[in-house]
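This report concerns only the one structure given below.
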Amino acid sequence: MIRILDIALKDLMQLLRDFKTFMFLLLMPIVFTFLFGYAFGGFSSDNASTRLPVGYLSQDDSWVTDSLHDLLTASEIIGLDESIFHSRADLEKMVTDGDLAAALIVPDGYGRAFLKNKEARLSVIVDTDSQAWTTVEAELLALLIRLDSAVRTATIIEQIDSQRMPFDYAFERSLSAWDEPPIAIRETTSLAVKKAGGPGQALAHTAPGMMLQFAIAGLLTAAQIIVTERKSRTLQRLLTTATRRIHIVLGHYLAIFLLIFAQFLILIAFAQFALKVDYLRVPAATLLVAFSSALCIAALGLLIGILAHSEEQAIAFSLIPMFLFAGLGGAWVPLEVTGEAFRTIGHLSPVAWAMDGFENICARGLGFESVLLPAAALLGYAVLFFSLAVWRLNTSQEK
């Protein structure tokens, strides 16, 4: 055990001696998390309005127009863009430039014509080729039908009993009845599949993806230490002592694991508190995935170091898995948006299982049991890579 710790301590001292490299492995995931986050809207404001902007200009002064204005203001689809300085020409230009989805002009006399059942028309400026117009048109028709039905209902009730139910009261009651319809559809989410929320939700994919990608990139430095040890014949001298091959392998493996696991812990803490990615919603689950991922990636780094015979090979053997595993494993683009065939192929990459584990906690809102399968898959890859590394060392010609 002492020999294993000595080898691991020696490797860690060499790895941390170049502090700039270690900082690079911490800063680059953060930088790329910000870049991908901005690219995919991860830093957009949660309070930003999703309503379609519609210009509004009223040339009529009646309570009917005021009621229509109130309905438009309360709409969840239309967002009124009002300004006393906007003319009809200004609104036409804004619609043409795409600043507005449409513009609504209420002409003089609209309220009087509406009440007298005369032809009352609104003037709408719109690009009929735009997709937004269909949505705006449907909402305008719905609000106008609501206003018209309230006026007609109030008129009928007033004719029946004007003393007990005057027009104004009947109109307000009829209009407000739309707010509480007799039949309503409510959408709820089962507690079993409740998704996580918060401002870091959009980064719940990007943050672990970049963390895993650059953990693999960090294997370059670890692999080069093993390569240098072989070129300087330090490994050969170790093999002539009482130090067994398994001690050497475990020592190198422990050093790589500690480096990657420390990198994970620092980046998880940063994402949790700075980016609001909810890693700590189930701390034990996140720790298990991070631990399993570090074991897997460290075993891959050990295998790379034993296979490579030069610094050039170490670079190639580190960068190729980084791009291959990260790309196939969904570190860049979620596998959920790809086809079934690509998702199946993607899960041949250990990164895909690590992404599943992290996203099950901080994106999908699942419990501890949801990370057991990803963790088991990662441990399986760790055993595979470690076994291959031991086999390769035992079959090498090192004396």
Residue by residue through the range 122-156, note down the ones that are small (Gly, Ala, Ser) and in contact with a Phe, Trp or Tyr (Cβ under 7 Å, 6 or more places away or on another chain). Ala150, Ala154
When residues of the range 316-363 are filtered for being surrounded by 14 or more Cβ atoms within 10 Å (Cβ to Cβ) and either among the acidic types (Asp, Glu) or touching a Cys at 6+ places or on another chain (Cβ under 7 Å) (or both), how many remain? 3
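So which residues in the range 330-371 are in a loop (DSSP other than H, G, I, E, B) and of a type in the set (D, E, K, R)? Even if it seems obvious, please write down each step before you answer.
Step one: list which residues in the range 330-371 are in a loop (DSSP other than H, G, I, E, B), which gives 330-334, 338-339, 347-349, 363-367.
Result: Arg364, single match.
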Index of the failed condition, Leu324 passing every other in (1) aliphatic (A, V, I, L, M); (2) under 16 Å from Leu25 (Cβ atoms); (3) free of Cβ contacts under 8 Å to residues at least 60 places away in the same chain: (2)
For the range 71-93, what are the residues that are in a loop (DSSP other than H, G, I, E, B) and surrounded by 15 or more Cβ atoms within 10 Å (Cβ to Cβ)? Ser75, Ile77, His86
Flagged in the range 259-313 as β-branched (Val, Ile, Thr), under 18 Å from the mean Cα position of the chain (by Cα) and assigned to a helix (DSSP H, G or I), in numbering order, are Ile268, Thr286
Apart from one, (1) within 17 Å of Leu52 (Cβ to Cβ); (2) in a helix (DSSP H, G or I) all hold for Gly98; the odd one out is (2)
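Can you work out which of the residues in the range 56-70 that are farther than 19 Å from Phe85 by Cβ and not small (Gly, Ala, Ser) is surrounded by the most Cβ atoms within 10 Å (Cβ to Cβ)? Let's see the steps before the verdict.
Our first condition is that a residue be farther than 19 Å from Phe85 by Cβ; within the range 56-70, this holds for 62-68, 70.
Then keep just the ones that are not small (Gly, Ala, Ser); that gives 63-66, 68, 70.
Numbers: Trp63: 11, Val64: 20, Thr65: 19, Asp66: 13, Leu68: 25, Asp70: 13.
Selected residue: Leu68.
Listed here are the residues, each with its yes/no results for (1) under 27 Å from Asn117 (Cβ atoms); (2) in contact with a Phe, Trp or Tyr (Cβ under 8 Å, 6 or more places away or on another chain).
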residue	(1), (2)
Gly55	no, no
Ser58	yes, no
Ser62	yes, yes
Leu72	yes, yes
Glu76	no, no
Asp81	no, yes
Phe85	no, no
Leu91	no, no
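Coordinate-derived values only; no laboratory data. Please read all numbers here as calculations on a predicted model, not as lab measurements. A quick note on method: Cβ atoms are made from the backbone with ideal geometry, for glycine too, and the neighbour counts reach across all protein chains shown.
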